[in-house]
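Notes for the one structure printed next.
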């Protein structure tokens, strides 16, 4: 079969057969037989998806052999559509409960430690003390609610599913938060008076639901599901503001969460020199125990953060009292875990007198000098974390961090397939092969793309078109224009037309989000609401538009997800 639509998907069985064909080509490019080669070869012959999804390569391969073997596994290892006889939800639930059990042990340990009933080894205690000082220095003074840039993200809440999680719908939802956040409602109302309906005399009347977060499990790979946590509305609103503030403070300390290139550069350097190690942790965010956060952070910061995390979570098996401090889905979890791991790594390296400029942390991707690995692993283990030995490297020539894999300085990162094949995925795979100078598999991929679907264009504009055989089409040369045009495919955003009860708040929110985010006098306080002669709300600056629909003038809202695709033309000066 051939792809005739960009969004066309084929079955899992058809996807497997096509990928087996490409896998056979990659296997033929392996030059040095090894145990890994034999395992992968036999799995391909027997079409053994279990082995292809579970096998981890050993170190010691040449860059060429490692890449081709890794690419074969990458065709199957992260596929969400594969069924290999595993109860994926049960695996994910077991991992979650295992993390909670580990966090309880960590909490008991730090509770005993605070009472003087337990002592760490002197070298570990010294590192923890150094991490406390580092964290305090990075965070600085606790901000007030008015100093935070409060905002909504694209994620779901306890009231809204992901597909409906737009800012407008969130502004129109009932107020909800966890019980600890109630004491900050007055500050939030003062910061967002339009939303909370604050009257001229300063009073406000609104309905509030006290809720726990909710845990769900969604497809991740052939082996397991991914746990996601959905928090109450006001919790998510403040969490992202806290997370942004913490990210800004980390950036001042040299840890930029907007940029992964430092980790990638040092990972490459480590693969060449062998002097740097890359470490990865198992279920890192789910093993940040409450006791650890209380011990490491200044008291006012710990008290503030715990006010906007749920003490319990609702699962399909009932309510669970959380031993972990915050999981993924919480807006400040990522900067918090980065802060903790960076401070522990920095304290370890500094206590050993090593070069602190060779430290890089992005989430749970940690890079430190090899001489500091032993102490850092000891300290991480003492703090309740589990180092993933299969994804941590400090010997040999292989290093991995932040989406880059290197063997002796050569990038061996494969192209991962995560679902059944689609026309778009086939475009991505073709372009990947062209960019990595592999014409033979690129031709194999091209044979499955119908000529009516094949669009060609220059590199650097995404994967909505094919690259490699682009013939520039001059545009208006007779008028003196010097550029070219090409066509490409792009997804169409999913949009909805409806009127919501809190639409009058959206202009205030829109302008507030476009402000500098540092004013203590919130833009929510401005008199931003303007109405035309018919009483229809008209924002001056808004990401949504007012258009006629079904005889009414309502907002057009862009929601998460896509609704088909379209073919567009792009004008560019480059080739």
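Indicate the gyration tensor shape class of the range 44-181 (rounded, prolate or oblate), computed on the Cα atoms with a ≥ b ≥ c the square roots of the eigenvalues: a/c under 1.5 is rounded; otherwise a/b larger than b/c is prolate and the rest oblate.
Since a/c reaches 1.5 but b/c is at least a/b, the shape of the range 44-181 is classed as oblate.
In nm, what is the difference between 0.36 nm times the number of residues separating residue 259 and residue 199 and their Cα-Cα distance?
17.3 nm
Given points 7 Å out from each Cα along the Cα-Cβ axis, report the residue 91 to residue 573 separation in nanometres with one decimal.
5.1 nm
Ranked highest first by average number of other Cβ atoms within 10 Å, how do 203-214, 108-119, 224-235 line up?
Answer by packing, highest mean first, reads 224-235, 203-214, 108-119.
What percent does the relative contact order of the chain come to when contacts are Cα pairs within less than 8 Å and at least six residues apart?
Computed over the chain, the figure is 20 percent.
If a paramagnetic tag sat 7 Å from the Cα of residue 218 along the Cα-Cβ line, which residues of the range 402-425 would have the backbone N under 18 Å from that point?
Answer for the range 402-425: 418-420.
Mind ranking 278-289, 419-430 by how tightly packed they are, going by the mean number of other C-beta atoms within 10 angstrom, highest first?
278-289, 419-430
So how far apart, in nm, are the two label points at residue 416 and residue 5 if each is 7 Å from Cα heading toward Cβ?
Here the answer is 2.8 nm between the modelled labels.
How much length, in nm to one decimal, is gained on full extension between residue 187 and residue 14, taken as 0.36 nm per residue of separation minus their Cα-Cα distance?
Using 0.36 nm per residue and subtracting the Cα-Cα distance, I get 56.6 nm.
Considering Cα pairs under 8 angstrom that are at least six residues apart, work out the relative contact order of the range 188-266 and quote it in whole percent.
It comes to 14 percent, rounded to a whole number.
Using the beta-carbon distance between residue 563 and residue 302 and R0 = 45 Å, what value does 1/(1 + (r/R0)^6) give for FRET efficiency, to the nearest 0.05?
0.55
Compute the Cα gyration tensor for the chain, then decide on rounded, prolate or oblate, letting a ≥ b ≥ c be the square roots of its eigenvalues: rounded whenever a/c is under 1.5, prolate when a/b is larger than b/c in the other cases, and oblate in all that remain.
oblate
To the nearest 0.05, what FRET efficiency results for residue 436 and residue 371 with a Förster distance of 30 Å applied to their C-beta separation?
E between residue 436 and residue 371, to the nearest 0.05, is 0.30.
Please sort 291-302, 556-567, 144-155, 331-342 by packing, taking for each peptide the average over its residues of neighbouring beta carbons within 10 angstrom, highest first.
Per-residue mean Cβ counts within 10 Å order the peptides as 331-342, 291-302, 144-155, 556-567.
Taking a ≥ b ≥ c as the square roots of the Cα gyration tensor eigenvalues, with a/c under 1.5 meaning rounded and otherwise prolate when a/b beats b/c, else oblate, which class fits the range 401-508?
Oblate, since a/c reaches 1.5 and b/c is not below a/b.
At 7 Å along the Cα-to-beta-carbon direction for both residue 252 and residue 161, put a label point, then send me their distance in nm to one decimal.
With each label placed 7 Å out from Cα toward Cβ, I get 4.3 nm.
Any read-out appearing in this document is the output of simple, stated calculations on the displayed coordinates, not a laboratory observation. Quick caveat, the model's predicted, so the values are computed rather than measured. Backbone-built Cβ (ideal geometry, glycine too); neighbour counts: all protein chains shown.
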